[in-house]
């Protein structure tokens, strides 16, 4: 399969106001094949947007380069940009313009004009079922409708490659489902290559042909889902949501030693969502076990005898979340 | 190019769809200008605004005119010398004090000092105070040589005598005075020209030369005060002109009759007491000529203005006189905000990611910046132009008749507006480029705009010209004022505005490029 995107040692360093520097992306190497959905999975602040910004020519790399269809984004930016569409995380539309005016304007930025532009705008409005609202201002649209227009604005030039930077952020489940179906449709029916960034493991699992897991600006794992889950073995993951209480380290050691099949126990204590927020994320104890369901009764007994108040228990099969947890010691939500 | 135009058109469309922005761009300056015009221009009334103690420098270089030289009969009619009568005896030299100096009198009136002229006694020459239509106090004692000016000038003008024209002009440039009145050496002879005999030996008053015109050197920063000074000077000089014309006509008629009588042999020269005749001529009483003087059209050619065009302002109703500088300054002041915040919208676009969406398209960043600037330039251009048109309409309504307050040179108005728009947009790029964040633009933008407005006189008070010249508002308002007065001496204004605009744009674009690193 032909390579559509290739990055070599892509690096981005920012200067802080105090004179120090921060390395947002630390030498990323990727190879994305034509016609695949490639997800960049990582928590917020992992470097996903910076990476995609460098590949799309939005941000100049401090070091390294990326090629799009064989064109260097630094040496031949215009040729590379002609091959790509871009769907940013934000609703990158003019609220005071209508849906049609927005699409027409961005179409002109891709060199379209006249009848070809009108025809393409018509097609895309039909594609997202918004032809009847084409002359309404964007600021009268619902969040989901804005997302759909935001998505097709990246398809105006019928590109072979499209970048989607967390395109489902902040929308209702129905609209989210629609977006995900659209992404799959682009690959399946139009043979488009999709570079999709997300911090939602479920999206990456559902959509991706291949996934790269990024954390602290580095790719820590890359491959198909099967390849990645194999990295953490056949272990199930038992997640215990626990109330706000202190738990002694000795309890974790006891569970690991006394329960058959348990290999590791990780604990993420309760934490505030933000400094000025009263809301908090409950403490989470994660137990890795070869046969999770068999080990569960004994673990529950240990917790009960230690007086730990359990709010919920979930048994998970091996997945990308487990891979991330196994590789970083942290949950994706962190 | 199509991409640049697309960005520019989008800017225009988005701007003119924003009702709040429209209100700020158009309604506010229109309302402010109209209020200022109504408050200080007294609507359509032709009265002058209430000003007092207008500073004026007075330089009197007038050398005066000798009546002996003015009549100059022996030189002009040498044939008389061949006859039995000695020309010197025919018209003996006038006694001491026969010289007239209109400059002294003009200066004295402006300086609110007593009018003292050796040639203006009731028994010798004429007395200005006896002229009808005079500015001078009619109630003065008969036979005195002192005429006090009407009290209004003392309150109206704060005049200072100065020695040289250059010194006075420099003082005006420094903002020390609203205007300088410079009376040239040949002023009296200009008002009271000498006789000459034509080919038929008919005596004629010679035409006045331009070198005798009074110069009113006005401050651009105080156009209204300067125009009042101009008006006062015109009024006084007109009186002198009437005197000169009346006196000249009388002398011409009398001498012509005398010469004609001699030629026709009607007079026996030996029997004529020429000394008495000449004394009669000297004793011409201007009081008898007063009505004649009032019928003569004033000689406006006797006043010239420098630096500032004032003649048309004098003719325009007060509302127009106020609305031109006030309206122009308000238009430019509010355009400054459009310029800064129009460019600043690029930060808003970055926040909304529409800028990133454009950058990711195969469009060079430079095109995006140019398109943005072009759009903003057109917006500012239209804003100023629409304000000028609206102010014309308001002025016409207030005055009660169609009035082109900005003059009739439409092409020049467009060029000045374009130069101003470029300068305003360039400043916008510079301010936005200078600031490190949109918040800083919100802070610096108004500060810079208000400073320029203060310097440029947009808030109703004027600073010295040296300071005002740092403001593009000064150059713009000055150019519009000149256009309103049908004058075209604004090449320097255009040069400054275009130059400043291009310089600020280049500087701002360089700074902006650094800020635009996403």
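The values are calculated or read from the model by the stated rules, or taken from the named source; none is laboratory data. As the structure is a prediction and not an experimental result, all values here were calculated from the model. Here Cβ is always computed from backbone atoms with ideal geometry, including for glycine, and neighbour counts include all displayed protein chains.
Annotation: residue A:298 fulfils all but one of (1) touching a strand residue (DSSP E or B) at 6+ places or on another chain (Cβ under 6 Å); (2) under 22 Å from residue A:249 (Cβ atoms); the unmet one is (1). Pairs meeting the criteria (first residue in the stretch A:44-73 and outside the structural domain of residue A:154 (by TED's automatic domain parsing), second residue surrounded by fewer than 19 Cβ atoms within 10 Å (Cβ to Cβ), beta carbons under 6 Å, at least 6 apart or on different chains) are lacking.
For the stretch B:9-24, taking the residues that are within 11 Å of another protein chain (Cβ to nearest Cβ) and surrounded by fewer than 17 Cβ atoms within 10 Å (Cβ to Cβ), the one that is farthest from residue B:334 (Cα to Cα) is identified as B:9. Of all residues in the stretch B:334-381, which are free of Cβ contacts under 8 Å to residues at least 60 places away in the same chain and away from chain A (no Cβ under 14 Å)? Selection gives B:377, B:380, B:381. Here the condition is being modelled with pLDDT of 70 or more, farther than 30 Å from residue B:403 by Cα and in contact with a helix residue (DSSP H, G or I) (Cβ under 9 Å, 6 or more places away or on another chain); of B:24, B:67, B:12, it holds for B:12 alone.
If you go through the stretch A:108-118 and pick out every residue that is within 14 Å of chain B (Cβ to nearest Cβ) and outside any loop (DSSP other than H, G, I, E, B), you end up with 5.
When B:386, B:379 are checked against the criterion of being over 27 Å from the mean Cα position of the chain (by Cα) and at pLDDT 80 or above, a single residue qualifies: B:379.
Highlighted here are the helices (runs of 4 or more DSSP H) found entirely within the stretch A:249-334 that include at least 2 residues which are at pLDDT below 85, in contact with a helix residue (DSSP H, G or I) (Cβ under 8 Å, 6 or more places away or on another chain) and surrounded by 12 or more Cβ atoms within 10 Å (Cβ to Cβ): A:320-328.
If the condition is being assigned to a strand (DSSP E or B) and either surrounded by fewer than 18 Cβ atoms within 10 Å (Cβ to Cβ) or in contact with a helix residue (DSSP H, G or I) (Cβ under 7 Å, 6 or more places away or on another chain) (or both), then the stretch A:205-221 contributes A:211, A:213, A:214, A:215, A:218, A:220, A:221.
Looking at this structure, is residue A:197 in contact with a helix residue (DSSP H, G or I) (Cβ under 8 Å, 6 or more places away or on another chain) and crowded, with 17+ Cβ neighbours inside 10 Å? Yes.
Kindly evaluate residue B:424 against the criterion of being in the same structural domain as residue B:500 (by TED's automatic domain parsing), part of a helix (DSSP H, G or I) and modelled with pLDDT of 80 or more. Here the answer is yes, as residue B:424 does meet what is asked. Is it the case that the stretch A:137-148 has a residue that's buried (at least 20 other Cβ atoms within 10 Å of the Cβ) and either touching a strand residue (DSSP E or B) at 6+ places or on another chain (Cβ under 6 Å) or outside any helix (DSSP H, G or I) (or both)? The answer is yes; a qualifying residue exists. Which of the residues spanning the stretch A:95-107 are surrounded by 21 or more Cβ atoms within 10 Å (Cβ to Cβ) and at the interface with another protein chain (Cβ under 8 Å from one of its Cβ atoms)? Those that are surrounded by 21 or more Cβ atoms within 10 Å (Cβ to Cβ) and at the interface with another protein chain (Cβ under 8 Å from one of its Cβ atoms): A:105, A:106. Screening the candidates B:458, B:411, B:486 for the property of being modelled with pLDDT under 75, surrounded by fewer than 20 Cβ atoms within 10 Å (Cβ to Cβ) and outside the structural domain of residue B:169 (by TED's automatic domain parsing) yields one hit, B:486. Only residues that are farther than 23 Å from residue B:377 by Cα and not in a helix (DSSP H, G or I) were counted across the stretch B:343-366, and they come to 3. Each residue in the stretch A:52-92 was checked for being assigned to a strand (DSSP E or B) and within 12 Å of chain B (Cβ to nearest Cβ), and 6 pass. For residue A:121, are the conditions met, namely being away from chain B (no Cβ under 11 Å), touching a helix residue (DSSP H, G or I) at 6+ places or on another chain (Cβ under 7 Å) and closer than 21 Å to residue B:9 by Cβ? In short, yes. The residues of the stretch A:279-295 that are over 18 Å from residue A:267 (Cβ atoms) and in contact with a strand residue (DSSP E or B) (Cβ under 9 Å, 6 or more places away or on another chain), listed by number, are A:279, A:290, A:291, A:293.
In this structure, residue A:48 does satisfy being more than 8 Å from every other protein chain (Cβ to nearest Cβ) and buried (at least 22 other Cβ atoms within 10 Å of the Cβ).
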